[in-house]
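Visitor: The structure follows.
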Amino acid sequence: MSTNITAPAEAPTLHFGFLLVPNFTLLAFSAAIEPLRMANQRSGKTLYRWSVITEFGDTVQASDGMRIEADFSLVNQEKFDAVYVCGGIDVEKGDYKNILRWLNRQALAKVNLGGICTGSYLLAAAGLLDGYTCTIHWEYLASWAEQFHRIESSDHLYCIDRNRFTCSGGTAPMDMMLEIIARDHDRALTELISEAFVYDRIRDSADIQRIPLKHRVGHTSPKLQDVVALMEANIEEAISLDELAAYVQLSRRQLERLFQQHLGCTPSRYYMNTCLFRARQLLKQSRLSITEVASVCGFTSTQHFSAAYRKLYGLAPRNERRGLGDLK
């Protein structure tokens, strides 16, 4: 298989600006930059160029202590095709009045805007995500949704809604950038990029951030955490609700109230969704047949599995495996 692809000669060079705020996350920033670099390398064309922006044009320190030198400050008149705000820890504590005004000017100039890791927080604070479906790193999801009521908050890895591009932290920016590159050019190029990075699966916008249970329910319900851990460890051979309740010394009714209070669903529904989440991973990442996936995820028949899968994810398992996410 060829390690390069020929991009059309007329493909324009897009200029992306990355606005770094103090304590930004270096991993997330790098995960956004590297797919662009590799797109140029694998296509043999300068499809993308990128610049670093800081408020005053000086160096900025990442959360790990590394410092990055800026190419531009907010007063420079450089034109960008897209601007991505890269955030990190304590993003809600800074004074960003100048940055918020600058972001609004970019929006008026019809520049595409994105948030990486907690960078979405600044776009939301500027009022630039109102009416959009967006996401942010899972540690901020609950408080973000509470503070910004006009945003359609999502727990997905990344969201692309019209001219707004938002993602979680870690390696999620790589998946989002690969999707952007695929839309700008084609998926053959993104496959070459992922191969170069030994990135065995490009996650899509339907993938959900895996939020640790303790961050969803806090430390006030150790019994709930114990039950969920037991569910996750027993997918193929499900444990009955009576057995789960007895394990944490609760009645079945008490267990049901605990799930409703903290997770808004019944224990049976949560257990089912846990099994289906595992099934989705296997459909996307393994070569197991659909029948085998159904079996190892605790379903006694493929018909039951397919019906439950379609109800939760909106498509049949066979279409999930084929990548046909828009088919029912």
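Visitor: Which value, in debye to the nearest 20, describes the size of the charge dipole of the chain about its Cα centre when Lys and Arg Cβ atoms bear +1, Asp and Glu Cβ atoms bear -1, and nothing else is charged?
Guide: Using Cβ point charges on Lys, Arg, Asp and Glu, the chain gives about 740 debye.
Visitor: On C-alpha positions alone, give me the angle between the axis of helix 187-196 and the longest principal axis of the chain, in degrees, nearest 10.
Guide: 80 degrees
Visitor: Please give the Cα centre distance for region 149-177 versus region 234-280, rounded to the nearest Å.
Guide: 30 Å
Visitor: Here's a follow-up. Between residue 10 and residue 295, 0.36 nm times their residue separation minus their Cα-Cα distance comes to what?
Guide: Full extension from residue 10 to residue 295 adds 97.6 nm.
Visitor: How large is ³J(HN,Hα) for each residue in region 107-115, as worked out from phi by the Karplus curve 6.51 cos²θ - 1.76 cosθ + 1.60 (θ = phi - 60°), to whole Hz, x for Gly and Pro?
Guide: 5, 5, 7, 6, 7, 5, 10, x, x
Visitor: In the chain, if every C-alpha pair distance is counted and binned at 20 Å from zero, what percent goes to each bin?
Guide: Reading the bins upward from 0: 28, 52, 19, 1.
Visitor: Roughly how much of residue 239 is accessible, in Å² to the nearest 10, using a 1.4 Å probe?
Guide: Residue 239 exposes around 40 Å² with every protein chain in place.
Visitor: Something else now. Please compute P(r) over all alpha-carbon pairs of region 37-157, binned at 10 Å starting from zero, and give each bin as a whole-number percent.
Guide: 12, 40, 35, 12, 1
Visitor: Of the listed peptides 168-178, 286-296, 40-50, 116-126, what is their order by residue-averaged count of other C-beta atoms within 10 Å, with the highest listed first?
Guide: Ranked from most to least packed, the peptides come out as 116-126, 168-178, 40-50, 286-296.
Visitor: Provide the gained length on full extension for the span residue 92 to residue 30, in nm with one decimal, where the gain is 0.36 nm per separating residue minus the Cα-Cα distance.
Guide: So the extension gain works out to 20.1 nm.
Visitor: Residue separation times 0.36 nm, minus the C-alpha to C-alpha distance between residue 41 and residue 109: what's the value?
Guide: 21.5 nm
Visitor: Additional query: Tell me what the chain gives for mean residue ellipticity at 222 nm when only DSSP H runs of n ≥ 4 count, each as -39,500 (n - 2.57), the sum divided by the residue total, rounded to 500 deg cm²/dmol.
Guide: The helix-only estimate for the chain comes to -13500 deg cm²/dmol at 222 nm.
Visitor: Considering only the chain, what is the antiparallel percent among its DSSP beta bridges, to the nearest 5?
Guide: 25 percent
Visitor: Averaged over all directions, how much area does the convex hull of the C-alpha atoms of region 8-103 cover when projected, in nm²?
Guide: If you wrap the Cα atoms of region 8-103 in a convex hull and average its projections, you get 6.5 nm².
Visitor: Just how much of residue 232 is accessible, in Å², when a 1.4 Å probe is used and the result is rounded to the nearest 10?
Guide: 60 Å²
Visitor: Let me see the P(r) profile for region 237-314: every Cα-Cα distance counted, bins of 5 Å, each bin given as a percent of all pairs.
Guide: 3, 15, 23, 21, 14, 13, 8, 2, 0
Visitor: For the chain, what is the accessible area per residue in Å², given a 1.4 Å probe and the full set of protein chains?
Guide: Per residue, the chain has 50 Å² of solvent-accessible surface.
Visitor: Kindly work out what percent of the DSSP beta bridges joining two residues of region 1-153 are antiparallel, to the nearest 5.
Guide: If we restrict to bridges inside region 1-153, about 15 percent are antiparallel.
Visitor: Any chance you could give the angle, 0 to 90 degrees and rounded to 10, that helix 222-233 forms with the longest Cα principal axis of the chain?
Guide: 90 degrees
Visitor: Can I ask one more? Can you tell me which of 79, 311, 110 moves the most in a GNM of the chain? Springs connect C-alpha atoms under 10 Å apart.
Guide: 311
Visitor: If you don't mind, there's one more thing I want to ask. Say each of residue 195 and residue 163 gets a label point 7 Å from the Cα, pointing the same way as Cα to Cβ; how far apart are those two points in nm?
Guide: 3.6 nm
Visitor: Still on this structure: Ranked highest first by the average count of other Cβ atoms within 10 Å around their residues, in what order do 90-98, 182-190 fall?
Guide: 182-190, 90-98
Visitor: Separate question: Could you give the angle, 0 to 90 degrees to the nearest 10, between helix 252-263's Cα long axis and the longest principal axis of the Cα atoms of the chain?
Guide: Helix 252-263 and the main axis of the chain meet at about 10 degrees.
Visitor: Also, I was wondering about something else. Quick one: ranking 153, 221 by accessible area, 1.4 Å probe, largest first, what do you get?
Guide: So the residues, ranked largest to smallest area, are 153, 221.
Visitor: Restricting things to alpha carbons, find the Rg to Rh ratio for region 171-213 using the Kirkwood radius for Rh.
Guide: With Rh from the inverse mean 1/r over Cα pairs, Rg/Rh is 1.02.
Visitor: Now for a different question. May I ask you to derive the FRET efficiency for residue 257 and residue 312 from their Cβ-Cβ distance with R0 = 22 Å, giving the value to the nearest 0.05?
Guide: Calculated transfer efficiency: 0.40.
The values are calculated or read from the model by the stated rules, or taken from the named source; none is laboratory data. As the structure is a computational prediction, the values presented were derived from the model and not from experiment. Note that we place each Cβ from the backbone using ideal geometry, even for glycine, and neighbour counts take in every protein chain shown. Protein only, heavy atoms only, side chains kept; ligands, DNA and RNA dropped before computing areas. Shrake-Rupley method; radii C 1.70, N 1.55, O 1.52, S 1.80 Å.
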